[in-house]
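The values are calculated or read from the model by the stated rules, or taken from the named source; none is laboratory data. Predicted, not measured: the structure shown is a model, and the values here were computed from it. As a convention, Cβ positions derive from the backbone with ideal geometry for all residues, glycine included, and neighbour counts pool all protein chains shown. Heavy atoms of the whole protein, side chains included, go into the accessibility calculation; ligands, DNA and RNA do not. Shrake-Rupley method; radii C 1.70, N 1.55, O 1.52, S 1.80 Å.
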Amino acid sequence: PGHEAESVLDNDQATTWRSGAVAEDQWLLFDFGEPREYGGLVIDWDAQDHAVAYEVQVSDDGEGWQRVYGVAEGNGGRDYVSLPDGESRYLRLWLTQSSRDQGYGIKDIAIKPYDFSLSPNHFFAAVAADASRGSYPRYLGGQQSYWTVTGVPADEKEALINEEGMVEVDRKGFSIEPFLYEGAKLVTWNDVELRQELEAEYLPIPSVRWDYGGLKLQVTALAAGKAGASSLYLRYALHNDSQVERHGSLFLALRPFQVLPPWQDLNLDGGVSRIGHLAYDGGTVSVNNDRAVFPLVKPERFGAASFAQGTITEYLQTGALPGKTSVTDELGYASGALEYRFELRPGTGTEVFLAMPFHRDSPTLPVNLPEGDAHTLWEDTRVAVRAEWEAILNRVEFRLPEAARKITDSLRS
């Protein structure tokens, strides 16, 4: 009593439907009166009594039911359920496992219109609209994010890095995005002063700088090797320019998003990409069983979650990581993160390095090196790449005043 089923439709978080622990399998059913189109659901679960496992089922006659979505390891909170091309008279949640074995509680369910899941980009734009700014790529809020490219000469593989420091590791690939956690706050691209630069102002070795009250992060991307056997290298250099000690965590998140915005299709669909599988074996992170991320410096931890278990930024908001190191997501929206803790006295810094082969024939890359050895590998690689690009781009001499330097740098680039 006082928690009737209609409470889930009153748009009031203070009221709830509660089922009680009457039976193991329970359900909540909607009858639209006639067949109707819809795009999905947004479910706000009770904080204590939520469904760990449930299915979304549909029917036109109320007797024969079809499973259209399922969750096996739900974590409560808010669930976003994408139901592309959804249409039925009846829709029900078939609830099979509760968090405390005391039934289920739901605060609200919003039945979303058809365009909610018109495409993965539409779906994640709706998810991002409910999240704090900076939790998702800028383009999911309808804003352009500028980007540049890095690769080796004459290679078909290349990476993109945007103005916020998010790196797309390959064409239509996943991205690696930095986050800082300091003082019980998740620091995103929206919280920092941003600056972008190229090595020597014109070479295709791009960097993005974050400044968060004197705590500075520089993200640098470069590609090295021969065409057809090249690799991508990433450097995350953290430095404390403030007058106080700074400590926290650098998170490097692997997420199912491209750098390329949806509206810049370039003969492919930008925006959301696919991560169906993530696994960390203590050395490398396997993505979709066909790509690998090599942490040159060993992380403190790695955690991954399917979309039903929560997006990685939900965990990072509290400085936490998911408890699993391997997940499979049938939707293709898995995410995860590497954690590197830092304690920096004023004037000190630390570095983290990642590497990713672009090709199956790319040389084998090391993992879990001491920071000094990883720094040496990075510097040797950077110096060689810089020399190669200088030889290519400086074949033409420009005789102009120093005031024209920006013009000549642009022409070389």
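Could you list, in sequence order, all residues of region 72-97 that are among the hydrophobic types (A, V, I, L, M, F, W, C) and not in a loop (DSSP other than H, G, I, E, B)?
81, 83, 91, 93, 94, 95 - these are the residues of region 72-97 that are among the hydrophobic types (A, V, I, L, M, F, W, C) and not in a loop (DSSP other than H, G, I, E, B).
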message: Just to check your reading of the model, which residue among 351, 388 is touching a helix residue (DSSP H, G or I) at 6+ places or on another chain (Cβ under 7 Å), open to solvent by less than 90 Å² (accessible area, probe 1.4 Å) and touching a residue at least 60 places away in the same chain (Cβ under 8 Å)?
response: 351
Residue ID - surrounded by the most Cβ atoms within 10 Å (Cβ to Cβ), chosen from residues in region 98-126 that are in contact with a Phe, Trp or Tyr (Cβ under 6 Å, 6 or more places away or on another chain) and not in a helix (DSSP H, G or I): 106
query: Got a sec? Which of 235, 255 is within 23 Å of residue 312 (Cα to Cα), in contact with a helix residue (DSSP H, G or I) (Cβ under 7 Å, 6 or more places away or on another chain) and open to solvent by 40 Å² or more (accessible area, probe 1.4 Å)?
result: 235
Filtered residues of region 40-63 (kept if part of a loop (DSSP other than H, G, I, E, B) and more than 22 Å from residue 21 (Cβ to Cβ)): 60, 61, 62, 63
query: Quick check, is residue 152 of a type in the set (A, V, I, L, M, F, W, C), open to solvent by 10 Å² or more (accessible area, probe 1.4 Å) and touching a Lys or Arg at 6+ places or on another chain (Cβ under 9 Å)?
result: yes
Subset of region 291-327 [of a type in the set (Ser, Thr, Tyr) and surrounded by fewer than 18 Cβ atoms within 10 Å (Cβ to Cβ)]: 318, 325, 326
